[in-house]
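Participant: Dropping the structure in here first, questions after.
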Amino acid sequence: MLDRMRSSPGVQKLMGLALGFFFGFLLQKGAVCNYEVIMDQLLLRDFTVIKVIFTAIATGMVGVYAMRAAGLVSLHKKPGSVGASIPGPLIFGLGFGLLGYCPGTAVGAIGHGALDALVGGLVGITLGAGLYAVAFPWLDRHVLNVGDFGDRTLIDVLGPRYPWAVIVAAVTVIIAGLGMLEYIGY
Amino acid sequence: MDVIVRILTAAEWSPYAVGVGIGVLSWLAFLLSDHPLGVSTAFAKTAGMIERGVRGPQVTQRPYYQKISLDIDWKWMLIVGLLLGAFVAAWLGGTIRWEWVPAMWESRFGSGLGARLAVALAGGVCVGFGARWGRGCTSGHGISGALQLVLGSWLAALCFFLGGIITAFALYGGV
């Protein structure tokens with residue numbers, strides 16, 4: 001049943017549409033598609049973005065690893081390297097601050113009428129992604145594989161035999177961190 | 001019934017409720033679609049499809065487009081859904097406001113449309129280029145990769161925010 005659903009391109013397009021709908025709905029209701037909310041996060045004055053992301057991480061982690069233990073899902077880990085995981089994301093960060101939206105929230109911002117997210121954001125991100133396709137062969141040869149460290153997880157590093165100890169610890173740290181933020185007045 | 005209407009028409013929800021919702025959504029993405037939530041690949045597909053439309057089918061030969069395949073698939077439809085969902089949420093909450101220049105930008109840099117759009121466009125190019133270089137964006141690494149505890153994703157997400165914080169302070173610092 002799951003396999004048939006996952007391998008049907010038609011069903012999956014609908015599924016993408018439906019999941020995307022709820023994703024956009026939630027991002028909008030969380031106010032994290034607002035330029036001001038994102039910039040205030042980057043200026044460390046408002047922690048709404050961090051609260052949303054870390055709550056999603058903690059919730060997602062428990063469910064995904066539980067389903068994996070039950071044999072229902074497989075993980076999808078992207079490999080990392082010094083050449084890929086640092087310079088690219090720093091350039092992304094520069095753009096994040098200039099644009100005031102990330103790719104998902106730029107699309108979400110269009111939903112409440114932010115035209116800078118449409119003309120600057122959507123066009124710019126697409127253009128940037130297209131330029132990357134041109135640069136890819138060179139980067140792939142010279143940069144992306146420098147300092148490759150694969151798709152190792154915190155579980156692999158801390159305790160491959162006790163995955164749930166690592167997961168519980170990670171969730172505990174996240175909840176404690178969020179509680180601390182609330183406590184100090186954010 | 002009243003409660004449901006009130007929730008749906010609220011302008012804003014608790015960030016924790018939203019975070020739990022996105023977490024549950026990521027369960028569904030893994031379970032029903034065998035995919036992690038991620039947004040930026042779809043932009044690269046779109047760029048490739050536009051370039052193919054303009055320059056012809058040889059564009060498909062670019063190694064990067066071979067890698068990600070230029071088609072309308074789950075990832076692409078996720079963006080269409082995201083736009084629709086964000087619109088419906090704003091419409092229900094009464095928060096739709098057509099706006100070229102964000103108020104915060106205006107109070108710092110003035111209401112000039114050209115300046116805001118130029119900076120937004122430059123920022124967008126960096127976001128698109130950097131997301132693909134880093135193999136993911138705030139969703140793909142910051143949520144999906146981070147929830148799988150992948151070290152490379154945590155590193156990438158840290159760099160997203162590090163770069164963003166430096167840029168934001170350069171723009172607005174001391175205000």
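Rule-based calculations on the coordinates, nothing more; no lab input. Predicted, not measured: the structure shown is a model, and the values here were computed from it. Positions of Cβ are generated from backbone atoms using ideal geometry, with glycine treated the same way; all protein chains shown enter the neighbour counts.
Participant: For the protein assembly as shown, give the magnitude of the charge dipole about the Cα centre (Cβ charges: +1 Lys/Arg, -1 Asp/Glu; no others), in debye to the nearest 20.
Facilitator: 680 debye
Participant: Would you list A:LYS29, A:LYS78 from fewest to most Cβ contacts within 10 Å?
Facilitator: Values: A:LYS29 27, A:LYS78 21.
Listed from fewest to most nearby Cβ atoms, that is A:LYS78, A:LYS29.
Participant: Would you work out the charge dipole size for the range A:2-183 about its Cα centre, treating the Cβ of every Lys and Arg as +1 and the Cβ of every Asp and Glu as -1, and quote it to the nearest 20 debye? Mind showing how you got there, number by number?
Facilitator: Values: 12 positive and 10 negative charges, 112 e Å.
The calculation lands at about 540 debye.
Participant: OK, next. Compare the Cα positions of B:TRP91, B:ALA103, A:MET61 along the charge dipole of the protein assembly as shown (+1 at Cβ of Lys, Arg; -1 at Cβ of Asp, Glu; about the Cα centre) and return the one farthest towards the positive end.
Facilitator: After comparing all options, I get A:MET61.
Participant: How charged is the neighbourhood of A:TYR101? Take every other residue with its Cβ under 15 Å from the Cβ of A:TYR101, and add Lys/Arg as +1 and Asp/Glu as -1. Can you show the working numbers first?
Facilitator: Working: positive: B:ARG116; negative: A:GLU36, A:ASP40, A:ASP116, B:GLU99.
That works out to -3.
Participant: Along the positive direction of the dipole of the range B:1-131 (beta-carbon charges: Lys, Arg +1; Asp, Glu -1; about the Cα centre), which of B:VAL39, B:GLY114, B:GLY19 reaches farthest?
Facilitator: Farthest along the dipole direction, towards plus: B:GLY114.
Participant: A follow-up question, please. Once the convex hull of the alpha carbons of the range B:36-141 is built, what does its volume come to per residue, in cubic angstrom?
Facilitator: Values: hull volume 15.3 nm³, N = 106.
So the per-residue Cα hull volume is 144 Å³.
Participant: What is the mean projected area of the alpha carbon convex hull for the range B:112-152, to one decimal in square nanometres?
Facilitator: Over all viewing directions, the range B:112-152 projects a mean Cα-hull area of 3.2 nm².
Participant: Report the one residue of B:GLY164, A:THR105, B:PHE129 whose Cα lies farthest in the direction of the positive end of the charge dipole of the protein assembly as shown (charges on C-beta: Lys and Arg +1, Asp and Glu -1; origin at the Cα centre).
Facilitator: Positive-end residue among those listed: B:PHE129.
Participant: A further question on this structure: How do B:46-57, B:14-25 rank on mean C-beta neighbours within 10 Å, highest first?
Facilitator: For the peptides B:46-57, B:14-25, the packing ranking is B:14-25, B:46-57.
Participant: Over the Cα atoms, compute the radius of gyration (one decimal) and Dmax (the largest Cα-Cα distance, rounded to a whole number) for chain A, in Å.
Facilitator: Cα-based Rg and Dmax for chain A come out at 19.0, 50 Å.
Participant: Bin width 20 Å, alpha-carbon pairs only: give the P(r) of the protein assembly as shown as whole percents, running from 0 to the bin holding the largest distance.
Facilitator: 31, 61, 8
Participant: Can I ask one more? For A:32-40, what's the mean count of beta carbons from other chains sitting within 10 Å of each residue's beta carbon?
Facilitator: Across A:32-40, the average partner-chain Cβ count within 10 Å equals 5.
Participant: When A:ASP140, A:ASP40 are ordered from fewest to most other Cβ atoms inside 10 Å of their Cβ, what list results?
Facilitator: Listed from fewest to most nearby Cβ atoms, that is A:ASP140, A:ASP40.
Participant: For the protein assembly as shown, what is the calculated [θ] at 222 nm in deg cm²/dmol (nearest 500), taking -39500 (n - 2.57) for each run of four or more DSSP H residues and dividing by its residue count?
Facilitator: -21500 deg cm²/dmol
Participant: Okay, next question. Could you tell me how many cubic angstrom of Cα convex hull volume the range A:1-65 has per residue? Could you put the intermediate results ahead of the total?
Facilitator: On the way: hull volume 6.8 nm³, N = 65.
Given the Cα convex hull of the range A:1-65, per-residue volume reads 105 Å³.
Participant: Roughly speaking, what is the centre-to-centre gap between the range B:1-55 and the range B:92-149 when only Cα atoms are used, to the nearest Å?
Facilitator: So the separation of the two Cα centres works out to 16 Å.
Participant: Just tell me how shielded B:49-59 is by partners: mean number of partner chain Cβ atoms within 10 Å of each residue's Cβ, no decimals.
Facilitator: The per-residue average across the peptide is 1.
Participant: Tally Lys/Arg at +1 and Asp/Glu at -1 over every other residue whose Cβ is under 10 Å from the Cβ of B:LEU151; what's the total?
Facilitator: With Lys, Arg at +1 and Asp, Glu at -1, the neighbours total 0.
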